[in-house]
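First the structure, in the form of C-alpha cells, and then the observations on it.
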Amino acid sequence: MNNLNPDTNREFSVVGKRIPKLDAAQKAMGRAEYIQDIKLPGMLFGKILYSKHAHADIVKIDTSKARALAGVHAVLTGEDVPKKMKMGFYKDNPPIKKGKVCSFRDEVAAVAAISPEIAKKALDLIEIEYEELPGIFDPEKAMEKDSPLVHEYHKSNVLNLPWKLHYGDVEKAEKESDFVVEEKFTTQWVTHCCLGTSGAIALFDSNDNLTIHTNTQIPSLAQKDFLESLKAMGLVNKRVRVIKPIIGGGFGSKLDTYAYEHISILLAYACRKPVKIMFDRVEEFKATSTRQPTVIYIKQGCDKNGKLTFRDMRMVLDNGAYTSWGATTPSVMMMPITSLYRVDNVRFNAKCVYTNNTYSQAMRGYGNPQATFAIESTLDMLAEKAGIGRVDIRRINRNQPGDITPQGFKITSCGISECIDEVEKEFAIDGPKEKGIGTGIASLIHVGGGARIYKSDGCGAILKMDDYGKVDIFTGGTDMGQGLDNITAQIVAEELGLYVEDINVVHTDTDVCPWDVGAHASRSTFVAGNAALGAAKKVKETILEYGSKFLDADPEDLVLRDRAIFVSGDPEKSMPIDKLLRKAHFSPQGKMLMADFFYDPDNENMGKEFKGNMSVTYAFGAHGVKVKVDEETGKVQVLDYVAAHDVGRAINPLLLEGQVYGGVVMGLGYALTEEVVTRNGQNMNANFRDYKLFTAKDAIKIKAPVVETYDEYGPFGAKGIGEPGCVPTAPAIANAIYDAVGVRIFDLPITPEKVLAALKEKKSATTEI
Amino acid sequence: MTTNISFLLNGDKISYEIKDHWTLLHLLREEMGLIGTKEGCGNGECGACTVIVDKLAVNSCLYLAIDVDGASIETIEGLASTNGTLHPLQQSFVDKGGIQCGFCSPGMIMSSKALLDENPRANHEQIKHALAGNICRCTGYVQILESVEAARDKGGQNE
C-alpha cells in the first residue's frame with residue numbers, strides 16, 4: 001500500500017499549480033543571456049585543433065607560422081599542458097594530447113586570438129606530421145589478446161572498473177525455470193543535441209584567481225576540477241568562481257568538465273586576458289560526448305505462472321579513447337537489472353573497453369534506457385513463450401511499496417501498478433489486433449530521491465528575507481531549462497505564505513551559492529527542493545516567534561498566507577509579512593531573517609557487491625504506444641502514446657508534463673531515428689540534416705497521466721521526473737512493432753531498413769517451411 | 001568591400017555600413033547587439049536564428065545582410081510592446097510551457113508569427129509544417145504546438 005498523504009486535506013496555494021517557468025518571459029523576449037551572448041572587455045577568442053586520425057603518433061608539430069600571425073596571442077600544444085592536468089574520474093584525458101592521438105576528437109593544439117576568424121586562420125597554419133597507427137573500433141575485438149592497445153601504459157583495453165554483481169543463484173534459478181529467453185541487443189551512440197552549443201570564458205584576476213563562465217550542470221564539482229587544474233599549473237591556494245549563464249539545454253552533457261573549459265583556462269592564463277571558446281555545431285557533434293553505446297547479452301526466465309525467476313546480463317561498453325561518466329553508467333544499469341519488477345536471482349557483469357572511438361558521457365537516464373530496452377523487450381518474449389499476457393506478466397512481477405530489492409533498494413511509494421492501469425485505459429494491450437497496427441508496453445524504475453554516487457548527495461540553500469517581504473534563495477541546484485527555479489520558488493512560497501513572484505532564485509554563481517553535487521539523477525526537485533524547504537522552515541520558525549510576540553498569540557495558532565501572518569480563529573489579528581520583517585529588523589537588537597540548510601538525503605553509497613539503498617525513493621512509470629508499420633517501406637509511425645509516471649506529487653504539473661513530453665520524444669529519437677554514424681572512428685553525420693532528430697512535423701500527441709503516490713521523504717511528497725520520460729520508450733516501440741508485424745528488432749535505432757530486412761527474413765523463413 | 005544599406009528593423013529606420021560577406025545573423029547579433037536571435041547551427045538546419053524579412057520567416061544565418069537593403073525586418077526584440085506587454089505568441093509560449101531552456105524559443109516564436117500573420121487560422125498540420133525547420137530538444141514540441149494554437153485562438157489578442 002502506498003503511504004497515505006498527510007497533506008490530503010491541505011489546501012495548497014502555490015504547490016501543485018501550473019505556474020509558468022519564471023524565466024520564460026525573458027526567454028520569450030530574447031533577453032536571456034546564454035554563454036553565446038556574453039562578451040567581456042578585452043576578451044580573446046580561443047579555438048581548438050583536433051586530430052586528423054583516429055590513432056596516430058604525433059611526429060612533429062610546428063606552430064611557428066600560427067604564432068607569427070598578427071592578432072594571435074597564444075598557441076598551445078600538448079607540451080604546454082602540465083603533466084597532472086587530466087580530465088575525468090579515470091584521469092586518462094589531458095585537455096591537449098601529446099605524442100599520440102587516440103581518437104578524431106583528440107585536441108592537438110589551441111589558439112587564442114583577437115577574433116574568431118584570426119584564431120581559425122591560426123589553426124590552419126599549424127603543421128602536424130602524424131604517423132598512423134592501426135585503430136580499434138569494435139569493443140569486443142578490442143578485448144581480444146592481440147588487439148592494438150589504445151593506451152600502451154594501460155596494458156589492456158579493458159578498464160579497471162568493478163561492474164559486477166550476483167545476488168541469489170542465477171544458475172540454479174535458470175535450471176528451475178519453466179521458460180527462458182536469451183538474446184543479444186545493441187544500442188547506438190546518440191548525442192544530446194542541446195540547441196545552445198558548448199562554450200566557456202575563463203579569466204584570471206591580478207592574484208591569479210580564476211573566474212569561469214561556463215555551461216555546467218555541476219558548478220561545485222566543476223569548481224573542484226578547475227581547482228585541480230590550477231594546482232597542476234602550479235597555482236595553489238587560489239580561488240575558482242564558476243558562473244553559470246542560462247543554459248541552452250543540458251540532458252547530462254554538462255555533467256563533467258571538458259577540454260574546452262580547461263583549454264580556455266590555459267589560454268586565459270597564458271594571455272592574462274579573458275578567453276572565450278565557443279563551439280560551432282559541427283564541433284558540438286564531434287567533440288562533446290554521447291550516450292554510452294552497449295552490446296547486451298541477456299537471459300531472463302520465469303516459472304509457469306509467469307513469475308520471474310532470474311535475470312542474467314552481460315554487457316560490453318565501448319568506452320572510446322578516454323573515460324568520462326559513460327563508463328559509470330553500469331552503476332545505474334544495475335537499478336533496472338536488479339530492481340525493475342520482483343526478481344530474486346540476478347547477475348550482471350559489464351566491461352568498459354577502450355577503443356579509438358569518441359568517449360561517452362552522462363545522458364538523460366544514465367544507462368537505464370539501454371538496460372531497460374533489453375529487459376522489457378525480453379519480458380515480452382518471455383510472456384509469449386509462457387503464454388501469458390504482456391500486461392499480466394508485468395502485473396504479476398510488479399514492484400510494491402515495502403519491497404526491498406536484491407540490491408537493497410527500499411521501495412517506499414510505488415505507483416507502477418497505477419501506471420500500468422493508465423496505459424491499459426488508453427489501449428487494450430492484449431486486445432484484438434488490426435493489420436499492421438500494434439501496441440507495446442514497457443515500464444521503468446528510476447532513482448527519484450537522489451542518487452548517492454558521490455561522497456555527498458547533498459545540496460545547500462541559503463535564504464534571506466528583505467524588509468519588503470521578498471526572498472532571495474541561493475541554491476546549489478542548477479536550472480538548465482527543466483525548471484528548478486520554479487520548484488524552488490513554489491516550495492518556498494508555499495511554506496512562507498508568499499507568492500512565487502516574491503521569490504528570487506539564484507543558482508548561478510559558486511561565490512554565493514552553496515555546494516551541490518549536480519543536476520543529475522533526477523535529483524533536483526527532491527534534493528534541492530528539500531534543501532529549499534529546510535531553509536524555509538527555519539525562517540518560518542523565526543517568523544512565527546516574532547508573530548507570536550507582535551500579535552500576542554500562541555505560535556501554534558499562527559498561519560502564513562497571502563503575504564501575511566494570521567491568528568487562526570481570530571481574523572482581526574494579523575500582520576503583513578513585510579511589516580513583521582521591518583519590525584523585527586528595526587527593533588533594538590534587531591534581526592534580519594536568514595537561514596541556511598544543507599540537505600543530504602538518507603540514502604546509501606553502494607557498498608561491497610553494489611548493495612545499498614542508492615536513493616531515498618524510486619520513481620516508477622509505464623509507457624504504452626500504438627504504432628503502424630508499413631510493410632512495404634518498413635516505416636514505423638507512432639499513432640498514439642501514453643506515458644504514465646508515478647511522481648510522488650506534482651509540484652508543478654505544467655513543467656512536469658514538459659519533462660515527460662520532452663523525455664518521450666528524446667526516447668522516440670533513440671528508438672527510431674537518432675544515431676551518431678561513425679566510420680573508423682570518424683563522425684560522419686555532424687549536422688542536423690543527417691543526425692535525425694524529431695521535428696515539429698513528426699510531433700505526436702502524448703498523454704502524460706500523473707500518478708501521485710505522495711512520497712513521505714519528498715518535498716511536499718514529490719519525487720524526481722527529469723529522466724524517466726525517455727527510459728522505457730525504445731522497448732515500448734520495439735514491443736509494439738513486434739505486435740504489429742511479428743518482427744523484433746534487437747538493434748537501435750529501429751530504422752525502416754532494419755524493419756524491412758527483418759520482415760524479409762521472416763517472410764523467407766515462412767516460405768521455406 | 002563595404003556597402004551602406006538601409007532597412008526597417010522592428011519599425012525603426014536603420015542605415016548601416018556593412019561588410020558584404022556578413023550574414024544577417026552576424027549583423028543583428030555581433031554588430032548590433034541584438035542577442036535575441038540565436039545561432040544554433042550556422043547552417044540553416046535548426047531555425048534558432050529565424051527572423052522575419054518582408055513577412056517571410058528566414059534563417060538569418062543563411063541570409064546575407066546586403067540582401068536586406070530596403071527590406072523590413074522583424075526580430076524577437078520587436079514583438080513585445082514598449083510598455084512591456086508581451087506579444088500574444090510570447091505570452092502563450094510562457095503560459096503553455098512552450099519554453100524550457102529557451103534557446104529555440106525566439107526562432108520558434110518568429111516562425112509562428114510569420115505563419116499566423118499570413119494565416120491567422122492555421123490548423124494543427126499547418127502549424128507543424130511551419131515549425132518543421134525549428135528544432136527543439138527540450139519540449140518534444142507538444143507544448144510548443146499548444147502555445148501556437150492558443151495564440152491563434154486568442155486571435156492576436158492577449159487575454
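All of the numbers you see were taken from the coordinates with simple rules; none came from a lab. Just so you know, these numbers come straight off a predicted model, no measurement behind them. Don't worry about glycine lacking a Cβ; one is built from the backbone with ideal geometry, like all the others, and counts go over all protein chains shown.
Once you sort the root eigenvalues of the Cα gyration tensor of region A:163-209 as a ≥ b ≥ c, which label holds: rounded (a/c under 1.5), prolate (a/b larger than b/c) or oblate (the other case)? Oblate, because a/c is 1.5 or more while a/b does not exceed b/c. In the structure shown, the pairs A:Lys435/A:Lys760; A:Lys86/A:Lys238; A:Lys244/A:Lys537 are assessed against 22 Å; a Cα-Cα span above that value is assigned to A:Lys244/A:Lys537. Place a label point 7 angstrom from the Cα of A:Asp511 along the Cα-to-Cβ direction, then list the residues of region A:206-235 whose backbone nitrogen is under 15 Å away. Residues A:206-214 fall inside that zone.
The calculated 222 nm mean residue ellipticity attributable to helices in chain A amounts to -8000 deg cm²/dmol, summing -39500 (n - 2.57) over DSSP H runs of n ≥ 4 and dividing by all residues.
Working ranking of peptides B:123-131, A:378-386 by packing, defined as the average number of other Cβ atoms within 10 Å per residue, highest first, is A:378-386, B:123-131. Cross-link check: pairs A:Lys304/A:Lys608; A:Lys299/A:Lys611; A:Lys697/B:Lys19 evaluated at a Cα-Cα cut-off of 32 Å; pairs beyond the cut-off: A:Lys304/A:Lys608; A:Lys697/B:Lys19.
Rounded to the nearest Å, what's the spacing between the alpha carbon centres of region A:642-665 and region B:119-158? Just the number, please. If we compute the Cα centre of each part, the gap is 21 Å. Projecting the Cα atoms of A:Met363, A:Phe566, A:Ile118 onto the charge dipole of the protein assembly as shown, computed from C-beta unit charges around the Cα centre, puts A:Ile118 farthest toward the positive end. Each principal axis of the Cα atoms in the protein assembly as shown has its own extent, and those three values, largest first, are 83, 78, 62 angstrom. Taking the charge dipole of the protein assembly as shown about its Cα centre, with +1 at Lys and Arg Cβ atoms and -1 at Asp and Glu Cβ atoms, the residue from A:Ala451, B:Gly140, A:Thr257 reaching farthest to the positive side is A:Thr257.
Please identify the chymotrypsin sites (Phe, Trp or Tyr not before Pro) of region A:231-269 that satisfy two criteria: DSSP loop assignment and at most 13 other Cβ atoms within 10 Å. Which are they? Answer by residue number: there is no such site.
Taking label points 7 Å from Cα along the Cα-to-Cβ direction, B:Leu56 and B:Asn4 give a separation of 2.8 nm. Its Cα centre serving as origin, region B:2-78 has a Cβ charge dipole (Lys and Arg +1, Asp and Glu -1) of approximately 100 debye.
Each part reduced to its alpha carbon centroid, region B:3-79 and region A:358-405 end up 50 Å apart.
So, in nm, how far is label A:Lys435 from label A:Phe550 when the simple model puts each one 7 Å beyond its Cα toward the Cβ? Distance between the two pseudo-spin positions: 7.7 nm.
The GluC sites (Glu not before Pro) of region A:91-161 meeting both criteria, a DSSP state outside H, G, I, E and B (loop) and at most 12 other C-beta atoms within 10 angstrom of the site's C-beta, are A:Glu144.
Of all DSSP bridge pairs formed entirely within chain A, close to 80 percent run antiparallel. With a threshold of 30 Å on the Cα-Cα distance, the over-threshold entries among A:Lys91/A:Lys538; A:Lys27/B:Lys128; A:Lys184/A:Lys433; A:Lys98/A:Lys273; A:Lys21/B:Lys113 are A:Lys91/A:Lys538. Taking square-rooted eigenvalues a ≥ b ≥ c of the alpha carbon gyration tensor, is region A:355-418 rounded, prolate or oblate, where a/c under 1.5 means rounded and, failing that, a/b exceeding b/c means prolate? Oblate, since a/c reaches 1.5 and b/c is not below a/b. Between region A:282-337 and region A:223-274, how many Å separate their Cα centres? So the separation of the two Cα centres works out to 30 Å. Ranking A:Tyr322, A:Ile420, A:Ala696 by Cα position along the charge dipole of the protein assembly as shown, where only Lys, Arg, Asp and Glu carry charges on their C-beta atoms, puts A:Tyr322 farthest toward the positive end.
For the residues of A:659-667, the average number of beta carbons from a partner chain within 10 Å of their own beta carbon is 5.
Annotation note: trypsin sites (Lys or Arg not before Pro) in region A:281-377 located in DSSP loop regions with a Cβ neighbour count of at most 11 within 10 Å are A:Lys304.
FRET efficiency for the pair A:Val559 and A:Arg582, taken as 1/(1 + (r/R0)^6) with r the Cβ-Cβ distance and R0 = 22 Å, rounds to 0.60.
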